[in-house]
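Asks: Structure in structure tokens, see below.
The numbers here are math on the coordinates, done by the rules we state, and not lab data. Since we're looking at a predicted model, the values are computed, not measured. Methodologically, a virtual Cβ is constructed for each residue, glycine included, from the backbone with ideal geometry; neighbour enumeration extends over all protein chains shown.
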Amino acid sequence: MTKTRVAVVGVGALGKHHARILAELPDVELAGVVDTNEQRAREVAEQVASPWSTNAAEMVGRVDAVTIAVPTDAHLSVALPFLQRGTAVLVEKPLARDRGEAQQMLDAAAASGAVFGVGHTERYNPAVAAIRPLLDHPRFIEVHRLGAFPDRSLDIDVVFDLMIHDLDIVLSIVSSDVVAVEAVGVAVLTPKPDIANARLRFASGCIANVTASRISKDRVRKIRIFQRDSYLSIDYAAQEVERWRLVRKDGTRPVIDGGKLEVPQEEPLKRELADFVAAVREQRSPAVSGADGMRALELAQRISSAMESAR
């Protein structure tokens, strides 16, 4: 079977892992790594035995697909030439700086028929996959994503840097429109909010309380889901799931039953990239489509606007 030719544009903190994984996938030919930093491009290319370049335009027309892990403000300029040509594109989250840029990419993909996905990696976490069959009209969701101050992504605030992962998950869990947003954010170490909390109310009545921080001493990535007669808890980092439920039996007192569920351990990014390559080969949408990326981006923008209004 012919291998899918894939290039990676941007091989910094995250992109170098794109290159590592793609080089290992049996149905992929890593056709090149690209970075504006020549030394970094050379180093990563040597590690994965791939050609390298400092100019993404050199890959246009030479590959079947491209993954893009450059700063957010460059997503549109890098992705658009590939999408216009019909080349499959996976863009790291957030999809773009704003809705206008995202729409340009979506329109280009629609016009050319290009497969288009967004790198919301948590959607591929095995723990998230494990709870999906157990969901039954969630009523309250509590999310905490806390991390230490990063050396990357400082061009965007904590909502677009970290919280957007959980916004995508919550939107995929709750099949309902967000009808109200309350939010507060505080800029502590940068000019942009470094810690934020958002309270989302859905038309279904579900409430989601989402907190993200990039100035925490502890690293926490957890989501708790409350629904009638049951409670689900996910530790994203440990890939662990707990399920507790009220079991009712005729003529007896209800009892609480549950505990940890078995979750197969696997690197979410590997699952994401394997799905993207399969989508390219099968000419289908990846599990996280461009439209999904747009929904998460639009909600992140609503939260940022609400934070501005709350100042």
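Asks: Rounded to the nearest 10 degrees, what's the angle between the helix 99-112 long axis and the longest principal axis of the chain, both from Cα atoms, 0 to 90?
Replies: Once rounded, the angle reads 60 degrees.
Asks: A further question follows. Using the Karplus equation 6.51 cos²θ - 1.76 cosθ + 1.60 (θ = phi - 60°), what ³J(HN,Hα) coupling, rounded to whole Hz, does each residue of the range 223-240 give in order, writing x for Gly and Pro?
Replies: 9, 10, 10, 10, 9, 4, 6, 7, 9, 10, 10, 10, 9, 4, 5, 7, 6, 10
Asks: Round to the nearest 0.05 the FRET efficiency obtained for Gln104 and Lys217 when R0 = 41 Å and r is the Cβ-Cβ distance. Provide the component values of the computation, followed by the final result.
Replies: Details: r = 40 Å, r/R0 = 0.98.
Using R0 = 41 Å, I get an efficiency of 0.55.
Asks: Once you charge only the Cβ atoms, +1 for Lys and Arg and -1 for Asp and Glu, what is the size of the charge dipole of the range 158-211 about its Cα centre, to the nearest 20 debye?
Replies: For this selection, approximately 140 debye.
Asks: Then there's this: Can you give me the long-range amide H partners of Val28? Hydrogens built in the peptide plane at 1.01 Å from N, cutoff under 5 Å, separation of 5 or more residues or another chain.
Replies: Close amide H contacts, sequence-distant or interchain: Thr4.
Asks: Kindly provide the chymotrypsin sites (Phe, Trp or Tyr not before Pro) of the range 65-131 that DSSP labels as loop, not H, G, I, E or B, and whose Cβ sees at most 12 other Cβ atoms within 10 Å.
Replies: On the way: sites: Phe82, Phe116, Tyr124; in loops: none.
Counting only loop positions with at most 12 other Cβ atoms within 10 Å, none of the chymotrypsin sites (Phe, Trp or Tyr not before Pro) in the range 65-131 qualifies.
Asks: With only Lys, Arg, Asp and Glu charged, each at its Cβ (+1 for the first two, -1 for the last two), find how big the charge dipole of the chain is about the Cα centre; round to the nearest 20 debye.
Replies: Rounded to the nearest 20 debye, it is 760 debye.
Asks: Further question: Lysines near Lys192 by alpha-carbon distance under 23 Å, same-chain residues fewer than 8 away left out - which ones?
Replies: Lys93, Lys217
Asks: Assigning unit charges at the beta carbon (Lys, Arg +1; Asp, Glu -1) and nothing else, what dipole magnitude in debye, to the nearest 20, does the range 234-290 show about its Cα centre?
Replies: 320 debye
Asks: Which lysines does Lys3 reach when only Cα atoms under 22 Å apart count, and residues fewer than 8 places away in its own chain are ignored?
Replies: Within reach: Lys16, Lys270.
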